[in-house]
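These notes are about the structure you will find just below.
The values are calculated or read from the model by the stated rules, or taken from the named source; none is laboratory data. Keep in mind that this is a model prediction, so the values were computed, not measured. All Cβ positions, glycine included, derive from the backbone under ideal geometry; neighbour counts span all protein chains shown.
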Amino acid sequence: MMESEVSVLVGGPAGAGISSAGQVVAQLLGRLGYRVHMYLDYPSRIKGGHNFAVIRGSGGQPGAIREKMDFLLALNQETVGLHRHNLAADGVIVYDAGEVKNTSGIAVAIREILAEEDAPAVMGNSAILGAFARAAGIGWNLFEDVLRLSIPKAVALNLAVARRAYDAAEEHERVPVLDRPVFPVFSGNEAIGIGLIEGELANYFSYPMSPTSNIMHFLAGLQEEAKIRVFQPESEIAVVLMALGCAYSGTRAAVGTSGGGYCLMTEAISLAGVAELPLMIVLGQRTGPSTGLATYTAQGDLYFALNGGHGEFPRLVAAPGDAEEARAWAVAGMDLSWKFQVPAILLADKVVCEGMFSLDPDKILKRRQETPSAESNSPYHRYALTGSGISPLRFPPVKGEVIRVNSHVHDTDGITTEDPELTRAMAEKRWKKERILEGEIEEMDPVNILGARESSTALLCWGSSKWACHEAGEKNGLRVVQPVVLSPFPEKGFARAMDGIDRIITVETNETGQLSRFIREFGYHPDDTILKYDGRPFTVEELDTRVKEAVS
Amino acid sequence: MKGEDLYSHAQVTWCPGCGNFGVRYALREALLELDRDGIPVENVVIVTGIGQHGKMFDFMNINGFYGLHGRTIPIAAGIHIANPDLRVICIAGDGDCYAEGLEHLVFGAKRNLDITVLVHDNRVYGLTTGQYTPTSPFRFRGRSTPDGSREHPFNPLELVLTSGATFIGRGYSRRQEQLKDLIREAVLHRGFSFIDILQICVTYNDMTEYYNSHIYDWDQDDLGDFEAACRKAREWDYDTEAPIGLGLMYRSGKETFEELCPVPEQLKPGERAALVRKIMDERR
């Protein structure tokens with residue numbers, strides 16, 4: 001085992017609870033003081049097929065997985081066949097003795113344990129987890145505590161199964177406890193859900209689609225406590241329009257989708273643009289085009305996020321690189337979309353959405369104030385032309401006032417117009433808002449600098465490539481620059497982050513280098529691009545090799 | 001409040017003789033009566049689609065959301081579930097609501113959303129100058145179907161009835177008193193209220209003589225009888241020669257979506273922060 005580093009892979013057939021098993025391992029490592037990242041790899045089916053989760057604990061900040069595993073937890077032969085080469089020299093395979101043949105390591109008699117405890121087959125994952133905890137030298141009490149929190153039902157039976165496997169296994173190598181404060185571990189989807197609640201969400205609308213469905217599931221489970229409503233309408237078109245209806249009535253709403261659903265939403269995004277209605281969209285990218293790889297990742301929708309919807313109008317696009325950033329920008333997206341009455345898009349991907357991350361609960365951006373209300377402003381003009389371009393918001397019912405929003409070009413009262421002067425004035429009003437929004441963004445640390453800050457070569461990345469780049473940057477002495485906000489683009493913050501850079505290498509999980517093209521618009525010309533477009537994220541080792549090739 | 005107060009200053013751009021004038025008048029009179037009966041006009045929101053009907057947004061002086069073609073119902077749903085005190089009236093067209101946005105009509109009825117949908121059914125696209133719609137008769141000669149359309153119309157009343165609407169009626173733009181009563185009752189009804197309004201398009205599909213010679217008033221005795229409503233709905237299929245019933249066709253009581261899904265009072269900032277702390281603490 002490397003110092004302050006531990007990697008675990010758990011694999012098995014779909015339906016065997018691999019995702020939950022991975023989450024238990026992630027929580028366990030988190031409780032031992034590690035910062036944790038989990039990557040989940042699964043095909044788009046409910047039963048059958050091979051699933052695996054890789055969980056990495058680190059004394060640093062992991063946001064990417066490593067290729068060598070200290071523990072390989074195998075519920076089927078395929079796990080060993082596919083991942084044996086990932087086992088570190090001093091690593092160990094913990095395996096289901098009934099399923100896996102011709103291997104060495106720690107055998108767990110799962111079939112016998114389940115039979116003796118009269119437990120269903122799905123509890124095999126509790127057995128393998130028990131054996132893992134023992135092999136990793138994790139005390140039973142801590143393990144029991146985590147298992148209790150992670151398993152929703154039949155806790156006693158799961159614990160009994162796990163205990164038998166725990167007692168039967170032997171310790172392989174103790175995973176050392178790190179002396180660091182314990183951070184909670186969340187999936188990006190959960191972190192986004194938390195951020196939306198903090199951003200005063202009242203209604204969440206979504207149509208099921210990987211990789212953002214779990215935001216809906218997470219929030220649905222919190223409806224009572226958080227006093228929110230979660231609703232699944234007939235299509236993404238209905239989803240986004242219901243959110244706009246809520247905005248008109250004066251309550252905050254958000255929606256979540258992936259590329260295909262975002263396609264259906266674009267007409268309404270354009271409507272939000274001209275009608276100046278707040279709208280919060282979580283766009284979780286997956287491999288395209290079209291249905292693509294439904295459960296795998298990509299950063300293929302940067303331009304789509306920036307441009308989806310006809311016509312020209314300002315919007316916020318923020319691309320978080322991990323759960324902590326996703327939470328922070330979910331809150332900021334809610335606030336800024338309300339303050340500026342623009343669509344806000346949180347551009348995540350499968351790795352950020354369904355991956356798990358440790359997050360610092362106190363790391364949150366300063367809240368942004370809403371537009372002052374127009375209580376004393378009578379007669380009310382919904383689209384009053386102001387110095388900032390932001391018109392005061394009021395919501396029906398208001399006695400004696402008429403409140404209109406309009407998808408057409410409109411006058412200050414919201415009545416349709418074709419007048420050229422008003423058409424120009426309303427366009428300029430919208431762009432005034434963008435300039436002020438950009439100024440506000442510049443105050444919000446919209447560009448991260450990671451890796452070796454003093455270097456004159458930059459690894460330029462966005463979204464989920466953040467932490468793989470950070471490690472490659474540190475190892476190879478390269479600065480990493482990650483713009484979190486892509487619209488309005490924080491040109492000043494970006495220029496500061498790029499100060500002294502004479503060579504730019506972009507790193508993205510897409511085919512055409514979208515960020516690479518995008519920054520040319522601002523006068524930056526990348527020298528190299530490192531691209532990956534097989535649906536999988538960069539591993540630490542893989543990116544290190546690719547970076548070395550690029551700089552040599 | 002006077003009737004003129006409900007009309008805006010915007011210049012009216014419908015053709016002279018357009019059935020929309022009659023619908024606008026009936027809506028205005030219904031809103032005046034509702035205002036007198038305790039539903040103040042500021043509590044009413046109209047949501048319009050795109051089409052000649054949509055201009056009602058500009059020509060009325062009440063709260064409104066001028067939306068997208070075919071999409072009045074999900075917008076209205078959002079407005080109403082966020083604030084159930086608002087009475088939301090969708091003003092839609094037949095191309096709009098029966099073609100581009102048909103799924104929302106079916107789901108609005110299925111959920112028994114407590115909103116009202118008025119469909120200005122002139123059975124032709126007016127704004128885009130004369131193409132066939134889902135309720136145009138078979139062999140309708142429009143600009144996209146010079147030899148006559150090859151589709152039979154569907155029957156919106158039958159569709160909405162089987163989808164779960166709890167208030168269904170048919171009006172006629174030249175029968176404004178009846179239409180006014182229908183609209184008022186539709187707004188007062190708790191649940192999904194739907195009125196198909198036979199609206200004259202003087203330019204592209206003038207059915208005045210046909211309607212005048214075929215209409216009669218439905219009896220109002222068995223409004224809660226689903227089977228009787230089916231028979232009424234099927235009497236005229238929007239295609240073949242038959243008497244055309246007008247008035248309220250069906251009314252029943254059923255839990256509304258909003259009643260099943262009440263608006264919770266939002267958390268206060270301190271409560272929200274405490275909840276987030278609790279969620280965080282459960283994970284460490």
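So which helices (runs of 4 or more DSSP H) stay within segment B:32-121 end to end and still have 2 or more residues that are within 12 Å of chain A (Cβ to nearest Cβ) and farther than 25 Å from A:Gly400 by Cα?
On the way: elements: B:56-59, B:72-82, B:102-111.
It comes to B:72-82, B:102-111.
Considering the conditions (1) within 14 Å of chain B (Cβ to nearest Cβ); (2) more than 24 Å from A:Gly414 (Cβ to Cβ); (3) buried (at least 22 other Cβ atoms within 10 Å of the Cβ), A:Asp322 is excluded by exactly one of them, (1). Taking the criterion of being within 10 Å of chain B (Cβ to nearest Cβ), more than 15 Å from B:Ala274 (Cα to Cα), assigned to a helix (DSSP H, G or I) and touching a residue at least 12 places away in the same chain (Cβ under 8 Å), the only residue of segment A:213-235 that qualifies is A:Phe218.
Is segment A:341-353 home to any residue that is surrounded by fewer than 22 Cβ atoms within 10 Å (Cβ to Cβ) and in contact (Cβ under 8 Å) with a residue 24 or more places away in the chain?
First, pick out the residues of segment A:341-353 that are surrounded by fewer than 22 Cβ atoms within 10 Å (Cβ to Cβ): none.
No, that holds for no residue.
Remark: pairs (first residue in segment A:145-162, surrounded by 15 or more Cβ atoms within 10 Å (Cβ to Cβ); second residue modelled with pLDDT under 95 and not in a helix (DSSP H, G or I); Cβ separation under 6 Å; 6+ apart in sequence or on different chains) = A:Asn158/A:Ile151.
Annotation: A:Ala135 fulfils all but one of (1) more than 30 Å from A:Phe538 (Cβ to Cβ); (2) more than 29 Å from the chain's Cα centre (by Cα); (3) crowded, with 18+ Cβ neighbours inside 10 Å; the unmet one is (1).
Okay, residues lined up against (1) surrounded by fewer than 22 Cβ atoms within 10 Å (Cβ to Cβ); (2) without any contact (Cβ under 8 Å) to a residue 40 or more places away in the chain; (3) out of contact with any strand residue (DSSP E or B) (no Cβ under 6 Å at 6 or more places or on another chain); (4) not hydroxyl-bearing (Ser, Thr, Tyr):
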site: A:Ala458; (1), (2), (3), (4): no, no, no, yes
site: A:Cys461; (1), (2), (3), (4): no, no, no, yes
site: A:Trp467; (1), (2), (3), (4): no, no, yes, yes
site: A:Glu471; (1), (2), (3), (4): no, no, yes, yes
site: A:Asn476; (1), (2), (3), (4): yes, no, yes, yes
site: A:Pro488; (1), (2), (3), (4): no, no, yes, yes
site: A:Ala495; (1), (2), (3), (4): yes, yes, yes, yes
site: A:Thr509; (1), (2), (3), (4): no, no, yes, no
site: A:Thr512; (1), (2), (3), (4): yes, yes, yes, no
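On inspection, A:Glu549 fails the criterion of being buried (at least 16 other Cβ atoms within 10 Å of the Cβ) and acidic (Asp, Glu).
Among the residues of segment A:285-299, those identified as under 13 Å from A:Asn510 (Cβ atoms) and part of a loop (DSSP other than H, G, I, E, B) are A:Arg286, A:Gly288, A:Pro289, A:Gly292, A:Tyr296, A:Thr297, A:Ala298, A:Gln299.
Pairs are defined by a Cβ separation below 6 Å, a sequence spacing of at least 6 or placement on different chains, a first member in segment A:77-96 that is in contact (Cβ under 8 Å) with a residue 24 or more places away in the chain, and a second member that is in a helix (DSSP H, G or I); the pairs so defined are A:Val94/A:Ala131; A:Val94/A:Phe132; A:Val94/A:Ala135; A:Asp96/A:Ile110. When segment A:6-22 is filtered for residues that are under 17 Å from A:Phe357 (Cα atoms) and surrounded by fewer than 24 Cβ atoms within 10 Å (Cβ to Cβ), the ones remaining, listed by number, are A:Ser19, A:Ser20. The condition (being crowded, with 19+ Cβ neighbours inside 10 Å and outside any strand (DSSP E or B)) is satisfied by just one residue among B:Arg234, B:Arg272, B:Arg184, B:Arg190: B:Arg184.
Close Cβ contacts (under 7 Å, 6 or more residues apart or on different chains) running from residues in segment B:1-16 that are more than 14 Å from every other protein chain (Cβ to nearest Cβ) and of a type outside the set (Phe, Trp, Tyr) to residues that are surrounded by 13 or more Cβ atoms within 10 Å (Cβ to Cβ) and not in a helix (DSSP H, G or I) comprise B:Cys15/B:Val202; B:Cys15/B:Thr203.
For the subset of segment A:410-424 comprising residues that are surrounded by 16 or more Cβ atoms within 10 Å (Cβ to Cβ) and in contact (Cβ under 8 Å) with a residue 12 or more places away in the chain, which member is nearest to A:Cys246 (Cα to Cα)?
Start the filter on segment A:410-424 by keeping residues that are surrounded by 16 or more Cβ atoms within 10 Å (Cβ to Cβ), which leaves A:410-417, A:422.
If we keep only those that are in contact (Cβ under 8 Å) with a residue 12 or more places away in the chain too, we end up with A:410-414, A:422.
Values: A:His410: 21, A:Asp411: 23, A:Thr412: 21, A:Asp413: 20, A:Gly414: 18, A:Leu422: 27 Å.
Among those that are surrounded by 16 or more Cβ atoms within 10 Å (Cβ to Cβ) and in contact (Cβ under 8 Å) with a residue 12 or more places away in the chain, it is A:Gly414.
Only strands (runs of 3 or more DSSP E) whose full extent lies in segment A:51-151 are considered here, and the ones with at least 3 residues that are under 22 Å from A:Met356 (Cα atoms) are A:69-74.
Tell me whether segment A:239-259 contains one or more residues that are facing another protein chain (nearest Cβ under 7 Å), crowded, with 24+ Cβ neighbours inside 10 Å and free of Cβ contacts under 8 Å to residues at least 12 places away in the same chain. There is at least one residue in segment A:239-259 that is facing another protein chain (nearest Cβ under 7 Å), crowded, with 24+ Cβ neighbours inside 10 Å and free of Cβ contacts under 8 Å to residues at least 12 places away in the same chain.
Looking only at residues in segment A:381-394 that are within 14 Å of another protein chain (Cβ to nearest Cβ) and out of contact with any Ser or Thr (no Cβ under 6 Å at 6 or more places or on another chain), the one that is nearest to B:Gly67 (Cα to Cα) is A:Arg382.
Taken together, the residues in segment B:142-183 that are touching a residue at least 60 places away in the same chain (Cβ under 8 Å) and of a type in the set (Gly, Ala, Ser) amount to 6. Before we move on, is A:Ser290 assigned by TED's automatic domain parsing to the domain that holds A:Ala247, without any contact (Cβ under 8 Å) to a residue 40 or more places away in the chain, of a type in the set (S, T, N, Q) and farther than 26 Å from A:Leu219 by Cα? Here the answer is yes, as A:Ser290 does meet what is asked.
Of the residues making up segment A:184-202, those that are over 15 Å from A:Met216 (Cβ atoms), within 7 Å of chain B (Cβ to nearest Cβ) and buried (at least 24 other Cβ atoms within 10 Å of the Cβ) are A:Val185, A:Phe186. All of A:Ala253, A:Ala305, A:Ala247, A:Ala298 fail the test of being of a type in the set (A, V, I, L, M), touching a Ser or Thr at 6+ places or on another chain (Cβ under 7 Å), at pLDDT 95 or above and assigned by TED's automatic domain parsing to the domain that holds A:Tyr207, apart from A:Ala298. Going by the structure shown, is A:Tyr303 assigned to a helix (DSSP H, G or I), of a type outside the set (S, T, N, Q) and over 20 Å from B:Ala76 (Cβ atoms)? Answer is yes for this residue. Search segment B:237-269 for residues being loosely packed, with under 12 Cβ neighbours inside 10 Å and part of a helix (DSSP H, G or I), and hand back the single one that is nearest to the other protein chains (Cβ to nearest Cβ). The extreme case among them is B:Pro269.
Hey, which of the helices (runs of 4 or more DSSP H) in segment A:442-540, taking only ones fully inside, have at least 1 residues that are closer than 25 Å to A:Pro211 by Cα and out of contact with any helix residue (DSSP H, G or I) (no Cβ under 6 Å at 6 or more places or on another chain)? Before the answer, list the steps.
Working: elements: A:466-476, A:491-497, A:514-520.
In segment A:442-540, A:466-476, A:514-520 are the helices (runs of 4 or more DSSP H) which contain 1 or more residues that are closer than 25 Å to A:Pro211 by Cα and out of contact with any helix residue (DSSP H, G or I) (no Cβ under 6 Å at 6 or more places or on another chain).
Is it fair to say A:Ser235 is surrounded by fewer than 24 Cβ atoms within 10 Å (Cβ to Cβ), within 24 Å of A:Tyr296 (Cα to Cα) and under 23 Å from the mean Cα position of the chain (by Cα)? Yes, satisfied.
Would you be able to say whether some residue in segment A:354-361 is under 26 Å from A:Val36 (Cα atoms), crowded, with 18+ Cβ neighbours inside 10 Å and of a type in the set (Phe, Trp, Tyr)?
Of the residues in segment A:354-361, the ones under 26 Å from A:Val36 (Cα atoms) are A:354-361.
With crowded, with 18+ Cβ neighbours inside 10 Å added as a condition, the list becomes A:354-359, A:361.
Remaining after also requiring of a type in the set (Phe, Trp, Tyr): A:357.
Yes, segment A:354-361 contains at least one residue that is under 26 Å from A:Val36 (Cα atoms), crowded, with 18+ Cβ neighbours inside 10 Å and of a type in the set (Phe, Trp, Tyr).
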